[in-house]
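Here is the structure we will look at.
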């Protein structure tokens, strides 16, 4: 008999997120570099596609104030629950959660009303070209939020709003999003790349 899939939850304390907090490599990580965190510089950030909140939590753990936007009501509720549990842990977790703000709604509508230096966009990625199954957790997220058909529209809004940069988190081998100007530079990871659009 196959086991039922574990219920999706947002967990900032244990598992992969907790491990990354303790051993992640600080501001030398690709995401931190892409977002412009460096010695003496901690930009204000909007994560326009919050999802499970892991990137926002990492950036907040490095000292950034991060505004998260999530348009799925169910995912938003999971984030609220995860943030409350992390805040109750006390110590560094409470301090990190205090630097995170969460809004529910469409980022295209909310971004023009938020002041920030850098915007992170991590849309649901296009289906893999190979047949390997995407991790169960990501499949569960996709079931909740669907596919982000309007990623190009969101990127264009972000480019008008950000004061310093917009970063698109995208599969390393995926084609650029059509209809958007070329990025300024890229930071490459094993399976993910960060397309950095410098503005202003």
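Among 124, 198, rank each residue by its count of other Cβ atoms within 10 Å, from fewest to most, as a rough exposure measure.
Numbers: 124 17, 198 12.
Starting with the residue having the fewest Cβ neighbours, the order is 198, 124.
Could I have the simple spin-label model distance between residue 89 and residue 181, label points 7 Å from Cα toward Cβ, reported in nm to one decimal?
Going from the residue 89 label point to the residue 181 one covers 4.0 nm.
Antiparallel versus total DSSP beta bridges in the chain: what percent is that, nearest 5?
Percentage antiparallel, nearest 5: 45.
Only counting other Cβ atoms within 10 Å, I'd like 93, 103, 12 sorted with the fewest neighbours first.
103, 93, 12
Quick one: grab the alpha carbon gyration tensor of the range 12-119, order the square roots of its eigenvalues as a ≥ b ≥ c, and give me rounded if a/c is under 1.5, else prolate or oblate depending on whether a/b is larger than b/c.
Numbers: a/c = 1.82, a/b = 1.10, b/c = 1.66.
Because a/c hits 1.5 or more and a/b fails to exceed b/c, the range 12-119 counts as oblate.
Let me know the shape class of the chain, please: from the alpha-carbon gyration tensor, a ≥ b ≥ c as square roots of the eigenvalues, rounded when a/c is under 1.5, otherwise prolate if a/b is greater than b/c, or oblate. Numbers along the way, then the final one.
Numbers: a/c = 1.39, a/b = 1.09, b/c = 1.27.
Rounded is the answer for the chain, as its axis ratio a/c remains below 1.5.
For the range 75-116, just say rounded, prolate or oblate: build the C-alpha gyration tensor, square-root its eigenvalues into a ≥ b ≥ c, call rounded for a/c under 1.5, and beyond that prolate if a/b exceeds b/c, oblate if not. Please list the in-between numbers first.
On the way: a/c = 5.65, a/b = 1.80, b/c = 3.14.
Taking the square roots of the gyration eigenvalues as a ≥ b ≥ c, the range 75-116 is oblate.
Below 8 Å, C-alpha to C-alpha, sequence gap of six or more: please give me the relative contact order for the range 23-198 in percent.
Computed over the range 23-198, the figure is 22 percent.
A short reminder: the numbers here are calculations on the coordinates, not readings from a lab. From a predicted model like this one, the values you see are computed outputs, not experimental measurements. Cβ sites come from the backbone with ideal geometry, for glycine too, and all protein chains shown count toward neighbours.
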